[in-house]
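Here the structure comes first, spelled out in structure tokens, and everything after it is commentary.
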Amino acid sequence: MRDKIEIVKGDITKIKVDAIVNAANTSLLGGGGVDGAIHRAGGQAILEECRKIIARQGGCKTGEAVITTAGNMPAKFVIHTVGPVWNNGKYDEENKLTNCYKNSLQLAIANNCQSLAFPNISTGIYHFPKKEAATIAVNTVSQFLSETDKIKKVTFVCFDNENYELYENLLRA
Ligand code: AR6
């Protein structure tokens, strides 16, 4: 499993994989952080497809995922998932974050994606503790990859040093 997981430090909008994952919000209308960067780099086409999804199902619930084009970015698709806002762990945040990873992977398979890249969902504006979030991300993805051969590569794209080092330590273990 470990050989299918890669960690890189940098900007997810530049990564060439079948699908990059966005840490969106329930409105799907864009925002700050990685969401803002993805919409800026991908262009209008992403928002246009998000609006169609909104018309159909009214946004995206926490822990769930939807898919659009990646517009002008090198990836083919963006999988938008909504991480939980950290609230001292009292609102099932761990399970919701686990579901983000699982549902994104499932949606990738449903769209014939073999490679995907995740940002560190919920660890920015949503304030999920980074160590716990990294543990959930690595464990959930490793477990999922052990149960399918349809996904060939998962890249964790870390934007800050703290996350990069956490992932390095977890994957070295
Ligand atoms: N590439 C990769 N990672 C990035 C990039 C980038 N270009 N930019 C930031 N990060 P955040 P959240 C990292 O705040 O906590 C938005 O307004 C960042 O360092 O983007 O899930 C949405 O619309 C952090 O580690 O997402 C929601 O309202 C990680 O991405 C809300 O923020 C996630 O930080 C979601 O908050």
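The values are calculated or read from the model by the stated rules, or taken from the named source; none is laboratory data. Bear in mind the structure is a predicted one, so any value in this text is a computation, not a measurement. Cβ sites come from the backbone with ideal geometry, for glycine too, and all protein chains shown count toward neighbours. Surface accessibility is based on the protein's heavy atoms, side chains included, excluding ligands, DNA and RNA. Shrake-Rupley method; radii C 1.70, N 1.55, O 1.52, S 1.80 Å.
Using the Cα centre of segment 1-145 as origin and beta-carbon charges of +1 (Lys, Arg) and -1 (Asp, Glu), tell me which of Cys50, Thr135, Gly89 is placed farthest towards the positive end of the dipole.
Cys50
With a 1.4 Å probe and all protein chains kept in place, how much accessible area does Phe159 have, in Å² rounded to the nearest 10?
150
Please list 3J(HN,Hα) in residue order for segment 106-111, calculated via the Karplus relation 6.51 cos²θ - 1.76 cosθ + 1.60 where θ = phi - 60°; whole Hz, with x for glycine and proline.
Once θ is set to phi - 60°, the couplings for segment 106-111 become 5, 5, 4, 4, 4, 10 Hz.
Could you pull out every residue, at least 5 positions away or on a different chain, whose amide H is within less than 5 Å of the one on Gly59? Hs are placed 1.01 Å off N in the peptide plane, and Pro or chain starts have none.
Close amide H contacts, sequence-distant or interchain: Ile54.
Can you give the Rg and Dmax of segment 110-173 based on its C-alpha atoms, in angstrom?
Cα-based Rg and Dmax for segment 110-173 come out at 12.3, 34 Å.
Given the -39500 (n - 2.57) contribution per DSSP H run of 4+ residues, what per-residue ellipticity at 222 nm results for the chain, rounded to the nearest 500 deg cm²/dmol? It would help to have the intermediate numbers written out before the result.
Values: 5 runs with 71 residues, N = 173.
It lands at -13500 deg cm²/dmol.
Can you list the chymotrypsin sites (Phe, Trp or Tyr not before Pro) in segment 80-125 that are in a DSSP coil and have 14 or fewer other beta carbons within 10 angstrom?
Tyr91
Among DSSP beta bridges whose residues both lie in the chain, state the antiparallel percentage, nearest 5.
Numbers: 5 of 22 bridges.
Rounded to the nearest five, the antiparallel share is 25 percent.
Using the Cα centre as the reference, give the magnitude of the dipole from point charges on the C-beta atoms of segment 61-173 (Lys, Arg: +1; Asp, Glu: -1; all else neutral), rounded to the nearest 20 debye.
Working: 11 positive and 11 negative charges, 61 e Å.
Around 300 debye, computed over segment 61-173.
For segment 2-172, compute Rh as the Kirkwood radius over C-alpha pairs and then the Stokes-Einstein diffusion coefficient at 20 °C and 1.002 mPa s; write the answer in µm²/s, rounded to an integer. Present the calculation step by step, with values, prior to reporting the outcome.
Numbers: Rh = 15.6 Å.
Taking Rh from Cα pairs, D becomes 137 µm²/s.
What whole-number value in Å² describes the accessible area per residue of segment 2-172 for a 1.4 Å probe?
48
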